[in-house]
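Here the structure is laid out as structure tokens; the discussion comes afterwards.
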Amino acid sequence: EPEVTQTPSHQVTQMGQEVILRCVPISNHLYFYWYRQILGQKVEFLVSFYNNEISEKSEIFDDQFSVERPDGSNFTLKIRSTKLEDSAMYFCASSRGARETQYFGPGTRLLVL
Amino acid sequence: GESVGLHLPTLSVQEGDNSIINCAYSNSASDYFIWYKQESGKGPQFIIDIRSNMDKRQGQRVTVLLNKTVKHLSLQIAATQPGDSAVYFCDTGRRALTFGSGTRLQVQP
């Protein structure tokens, strides 16, 4: 059964450094998403992406965040200058259509020191 | 604005019993509903969905009931197992899933 994959599973970085989190969505899906979950808190929507552009974003997704689909398979989330409060689990998801089931990856645990 | 919420923060059941998790929504125009669960340390996992032209849908050991009159849906898990222990969420299939606080299902051996 196809699934969303994410790399790396864990990443530790210094405050102020740039990080890129990678995702490979399910191959025939057209909509891609990033969510984050700070430890002990609920999963929060960051951004949705369709047809090579952002279709919706939350207040969390400020100028330090960017997303890209650099090729036909990868979907990336870049955090330009990480802050301590960016430490969280980041989940990628994909769906076939705009309001269809989103399938989630296993997540990348980001720790900013 | 639109809201979707679970009724109880925690539900504790005995292994083998049936579980019922309830959810209410506010937007009567909602036409698609999804249940997810999240196990500790893992990403949200799709369980089952239902469209508004149905009032019941069954999966493997799970059933979702939709009552559009009172804007309520429920997830029934038959013969609950320890592996069902997780936080359960309902949503109305929007692009930006909201994942409220959910209902934590605890299965007692």
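The values are calculated or read from the model by the stated rules, or taken from the named source; none is laboratory data. This structure is a prediction, so every number in the text was calculated from the model and none was measured. Here Cβ is always computed from backbone atoms with ideal geometry, including for glycine, and neighbour counts include all displayed protein chains. Surface accessibility is based on the protein's heavy atoms, side chains included, excluding ligands, DNA and RNA. Shrake-Rupley method; radii C 1.70, N 1.55, O 1.52, S 1.80 Å.
Hey, can you tell me all the residues within the range A:33-45 that are in a strand (DSSP E or B) and either touching a Cys at 6+ places or on another chain (Cβ under 7 Å) or at the interface with another protein chain (Cβ under 9 Å from one of its Cβ atoms) (or both)? Result: A:TYR33, A:TRP34, A:TYR35, A:GLN37, A:GLU44, A:PHE45. For the range B:66-82, taking the residues that are part of a strand (DSSP E or B) and among the hydrophobic types (A, V, I, L, M, F, W, C), the one that is surrounded by the most Cβ atoms within 10 Å (Cβ to Cβ) is identified as B:LEU75.
Selection of the range A:50-81 for residues being touching a Lys or Arg at 6+ places or on another chain (Cβ under 9 Å) and under 19 Å from A:THR108 (Cα atoms) yields A:ILE60, A:GLN64, A:PHE65, A:SER66, A:VAL67, A:GLU68, A:ASN74, A:PHE75, A:THR76, A:LEU77. You will find that of A:PRO2, A:PRO70, the residue that is open to solvent by 40 Å² or more (accessible area, probe 1.4 Å) and more than 26 Å from B:GLU39 (Cβ to Cβ) is A:PRO70 and no other. Looking across the range A:73-99 at every residue that is open to solvent by 60 Å² or more (accessible area, probe 1.4 Å) and farther than 17 Å from A:GLN14 by Cα, the one that is modelled with the lowest pLDDT is identified as A:ARG99. The residue of the range B:40-65 that is nearest to A:ARG99 (Cα to Cα), among those that are away from every other protein chain (no Cβ under 11 Å), open to solvent by less than 60 Å² (accessible area, probe 1.4 Å) and more than 12 Å from the chain's Cα centre (by Cα), is B:SER52. The residues on offer are A:ILE54, A:ILE26, and the sole one that is at pLDDT 95 or above and assigned to a loop (DSSP other than H, G, I, E, B) is A:ILE26. Just so you know, in the range A:22-56 the residues that are within 20 Å of B:GLN45 (Cβ to Cβ) and aliphatic (A, V, I, L, M) include one that is nearest to the chain's Cα centre (by Cα), and it is A:LEU46.
Of all residues being modelled with pLDDT under 95 and in a loop (DSSP other than H, G, I, E, B) in the range B:14-39, which is nearest to the other protein chains (Cβ to nearest Cβ)? Just the residue, please. Restricting to residues being modelled with pLDDT under 95 and in a loop (DSSP other than H, G, I, E, B), the top hit is B:ASP31.
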